[in-house]
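These notes are about the structure you will find just below.
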Amino acid sequence: MSKRVGVLMGGWGEEREISLKTGEAMVAALESRGHEVVRVFAGPGLDRALRQAELDVAVLALHGRMGEDGKVQGLLELMGLPYTGSGVLASALAMNKPMAKQLFRLHNLPIPSGYSVSRAEAHRAAQLHGDLGFPCVVKPAFGGSSVGLSLVRDAEALGAAVALACRFGGEALVERRVLGREVTVGILGEEVLGTCEIATPREGFDYDAKYKGGSSYFLPARLSPTRQKNVESLALAAYRALGCRGYGRVDLICSDEENDVILEVNTLPGMTPTSLLPKIAAARGLDFPALMERILGLAARDEVEVAGMPALCAAEPTGEVRRVAG
């Protein structure tokens with residue numbers, strides 16, 4: 001059935017340009033499937049724009065902070081509007097990489113060793129680093145698209161890399177570099193779609209490697225069937241550990257020592273026809289418009305039951321601030 005669909009794109013953060021590309025690709029795919037599509041540009045006044053659009057469902061094409069981190073999802077919950085992707089809590093946990101790592105550890109899922117450091121502690125980075133060693137990877141604790149990511153080879157470069165990462169959210173995550181194949185696992189609903197290996201001439205799949213070309217992709221990944229099964233099992237376990245739903249992408253490193261470690265879960269991955277999740281879906285015979293139709297069909301709300309208010313409170317006038325005596 002055709003729906004009036006709002007594609008939320010743009011946003012407030014450093015990933016706005018990528019979000020706009022994702023959004024336009026989603027609009028074209030959904031229109032090709034017969035849906036009435038409205039572009040909703042996220043920013044100040046988003047609540048008013050959503051009310052004026054009179055939507056049946058919201059499709060999230062947002063990336064990074066103030067879009068992928070649960071804030072917009074919370075607004076949509078309050079408005080009673082179904083939306084694509086994970087709910088409030090899972091979105092917030094996935095965006096908070098140090099918190100996500102704690103949950104992975106509790107679920108006995110392998111992760112790179114490391115630590116987080118706030119902007120206020122950036123000057124103590126070398127002291128906090130301890131015996132973690134070099135090279136290491138420094139990235140924002142809250143963010144995506146490899147914005148602010150650095151590969152650090154020695155202690156002299158550590159402080160500047162931490163300061164750069166802290167520009168995007170105020171906290172940096174420092175991790176031991178794990179050598180191996182970089183792979184990503186696509187998930188739709190509760191189903192693993194497949195695994196893609198990313199090979200790049202650069203040292204690491206950074207912003208330029210992702211968006212300026214030069215990388216090669218292997219579908220399926222160049223792994224033995226047994227190891228690929230293990231990688232996909234880890235990815236699905238990480239996705240479930242955070243309580244994700246709808247769709248997502250899990251990034252991992254398959255180390256040269258035959259160990260696999262989880263890097264992060266992307267609850268709103270890039271979604272142009274050439275992005276990684278659509279590549280994985282295409283290898284399964286699911287073209288981009290069909291993939292978007294499946295994602296749209298999984299749109300949901302948290303549907304939290306709220307107990308009825310006492311009669312006295314229910315009779316209070318709305319829109320009024322009342323002071324309660326201590």
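Observations, loosely collected:
- Mean-square fluctuations from a GNM of the chain, with a 10 angstrom spring cutoff on Cα atoms, peak among 172, 42, 126 at 126.
- Size of electric dipole in the range 78-156: Cβ of Lys, Arg +1 and of Asp, Glu -1, about Cα centre, debye, nearest 20: 160
- Ordering 239, 281, 72 by the projection of their Cα atoms onto the charge dipole of the chain, which places +1 on the Cβ of Lys and Arg and -1 on the Cβ of Asp and Glu, puts 72 at the extreme positive end.
- Take 256-263, 54-61 and order them by the average number of nearby Cβ atoms within 10 Å per residue, most first; the result is 54-61, 256-263.
- Counted charge near residue 285, where neighbours are those whose Cβ lies closer than 15 Å (Asp, Glu -1; Lys, Arg +1): 0
- Heavy-atom accessible surface of the range 32-139: percent carbon and sulfur, 1.4 Å: 53
- Kyte-Doolittle mean at least 1.6, axial Cα span of 30 Å or more - DSSP H helices of the chain: none
- Most fluctuating residue given options 114, 148, 246, as computed from a GNM of the chain linking Cα atoms under 10 Å: 114
- The alpha carbon centroids of the range 91-135 and the range 1-77 are separated by 31 Å.
- Cα gyration tensor shape for the range 4-84, rounded if a/c is under 1.5, else prolate or oblate: oblate
- Cα gyration tensor, the chain - rounded (a/c under 1.5), prolate or oblate: oblate
- Stretching the chain fully between residue 48 and residue 298 yields a gain of 87.5 nm (0.36 nm per residue, less the alpha carbon separation).
- Per residue, the chain exposes 48 Å² of solvent-accessible protein surface, assessed with a 1.4 angstrom probe and all protein chains in place.
- Rg/Rh ratio calculated on Cα atoms of the range 113-176 (Kirkwood radius): 0.91
The values are calculated or read from the model by the stated rules, or taken from the named source; none is laboratory data. These figures come from a predicted structure and were not determined experimentally. For neighbour counting, all protein chains shown are included, and Cβ atoms are generated from backbone atoms with ideal geometry for every residue, glycine included. Each accessible area value is taken on the protein alone, full model and side chains, heavy atoms only, with ligands, DNA and RNA left out. Shrake-Rupley method; radii C 1.70, N 1.55, O 1.52, S 1.80 Å.
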